[in-house]
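Read through the structure below, which is laid out as structure tokens, and then see the notes.
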Amino acid sequence: MDSEGESLQPDFASAFFEGREGRTEQDELPGVSQLPQTLFYVKRFQTNLQKQPIILQSVNGPCPLIAIVNCLLLQQRLTLSEECECISASRLCSLLGNYLLDRAQTVDTGQSEQYILDCLEKFVQIQTGIDINVRFNSVEGFEYTPELSLFDLAQIRLVHGWVVDPQDTFLSCLVGDLTYNQLVEKTMEKSGSNDPREVSESEVLKELLKSSQLTVHGICEINSNLSSGDLVVLFRNNHFSTITKHHDRLYVLVTDIGWAEEGQIVWETLDSTCNNSTFVDGLFNTTTTSANRSAGLSDQEYALSLELQVSKEEQNEQERLWHQAKENSDNIKEKKKAEGSCTLM
């Protein structure tokens with residue numbers, strides 16, 4: 001087990017990341033709103049056994065890295081010193097890198113040292129996010145990319161809930177085993193067809209692509225694929241979250257820095273696609289936020305305000321992704337058209 005104060009493999013991970021960020025930690029916690037983007041606040045909450053640390057997410061922060069590290073912290077595979085109140089992205093990378101290298105030396109993982117070092121090189125990229133291409137027929141359906149090897153190496157499962165219900169035979173047949181990128185291309189082709197049936201099918205696919213990237217069937221599938229106490233990473237709306245299952249319910253770890261001072265806000269339920277979640281503490285007891293009380297709102301009114309805010313953000317993000325995908329598709333078509341013209345000449 002690695003710890004915040006130790007460097008198990010200084011010749012590899014520490015040397016690799018040395019100098020990539022500025023300071024690695026700071027002793028005194030400044031105001032939350034004044035935290036530099038390269039530093040992340042460490043929040044602690046009470047469990048049955050201890051004060052459990054987690055890393056909070058700041059704006060445009062490295063959410064894949066934070067989600068993986070939080071899983072390892074909650075599983076007690078990584079630890080932070082009690083004095084650590086802030087930590088840099090480079091320090092998080094070093095902690096994770098040292099853990100992976102140490103584990104490879106003490107456990108027969110079947111992974112070569114070069115493979116591990118290749119994975120470590122991806123740490124720089126996951127500080128700003130990684131490209132994920134989902135398949136719509138399985139909660140663990142992803143097109144393989146080198147970045148995904150980080151999850152395998154850390155023994156952290158990656159799931160998503162953007163899954164088509166097989167009972168919807170029409171949509172299931174349309175989507176099949178296609179990835180997101182392939183489905184976007186298929187939708188564009190159908191929308192430009194002269195066949196009314198093709199155009200109608202494209203509208204059905206557009207609804208799926210513009211959805212919240214979470215289905216009721218997807219939630220049920222995640223739930224049925226997890227055992228109580230499991231910790232995995234959920235990919236949704238280009239964001240990575242740590243989730244767990246407790247007494248047959250799914251919970252998402254609350255890592256937004258806006259909840260840094262709310263010690264009783266630790267998890268929120270993941271029961272539906274409508275964002276009508278409930279906050280619970282570290283022992284999974286329902287809690288009421290101070291923001292809710294100070295604003296004079298009822299629990300229902302506050303939940304509704306959050307739902308409207310999140311829904312608007314998700315809608316804007318989906319529209320952005322859709323227009324980006326359409327622009328990319330149009331560019332490819334123009335390029336192919338130009339190449340064809342050159343061939344004819």
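Only Cα pairs under 8 Å and at least 6 apart count here; give the relative contact order of the stretch 169-209 as a rounded whole percent. Could you put the intermediate results ahead of the total?
Values: 24 pairs, mean separation 15.7, N = 41.
Reported as a whole number, the value is 38 percent.
If you place +1 on the Cβ of every Lys and Arg and -1 on the Cβ of every Asp and Glu, how big does the dipole about the Cα centre of the stretch 169-209 come out, in debye to the nearest 20? Walk me through the numbers on the way to the answer.
On the way: 4 positive and 8 negative charges, 7 e Å.
For this selection, approximately 40 debye.
Using C-alpha positions alone, give me the convex hull volume of the stretch 196-263 per residue in cubic angstrom. The partial results should precede the final answer.
Values: hull volume 7.8 nm³, N = 68.
In the stretch 196-263, the Cα convex hull volume per residue is 115 Å³.
Would you mind computing, in nm to one decimal, how far apart the modelled labels at Asn137 and Glu185 are, each placed 7 Å from Cα along Cα→Cβ?
1.7
Step through the table entries Lys210/Lys245; Lys206/Lys245; Lys43/Lys210; Lys43/Lys245, compare each Cα-Cα distance with 24 Å, and write down the pairs that go over it.
Details: Lys210/Lys245 28 Å; Lys206/Lys245 32 Å; Lys43/Lys210 34 Å; Lys43/Lys245 21 Å.
Flagged as over cut-off: Lys210/Lys245; Lys206/Lys245; Lys43/Lys210.
How far apart, in nm, are two points set 7 Å out from the Cα along the Cα-to-Cβ line at Glu207 and at Ser193?
Distance between the two pseudo-spin positions: 1.7 nm.
Using 0.36 nm per residue, how much length does the chain from Leu283 to Gln46 gain when fully extended, once their Cα-Cα distance is taken away? Don't skip to the answer; put the middle values down first.
Values: separation 237, 0.36 × 237 = 85.32 nm, distance 0.75 nm.
Stretched fully, the Leu283-Gln46 segment lengthens by 84.6 nm.
Once fully extended, how much extra length lies between Asp152 and His247, figured as 0.36 nm per residue of separation less the alpha-carbon to alpha-carbon distance?
On the way: separation 95, 0.36 × 95 = 34.20 nm, distance 2.63 nm.
Stretched out fully, the Asp152 to His247 stretch lengthens by 31.6 nm.
Need the full-extension length gain, Tyr144 to Asn225, defined as separation in residues times 0.36 nm minus the C-alpha distance. One decimal, nm. Write out the running numbers ahead of the final one.
Working: separation 81, 0.36 × 81 = 29.16 nm, distance 2.03 nm.
Length gained between Tyr144 and Asn225: 27.1 nm.
Since every read-out is calculated from the coordinates, none of them should be taken as a lab result. For clarity, every value in this text was computed on a predicted model and none was experimentally measured. Positions of Cβ are generated from backbone atoms using ideal geometry, with glycine treated the same way; all protein chains shown enter the neighbour counts.
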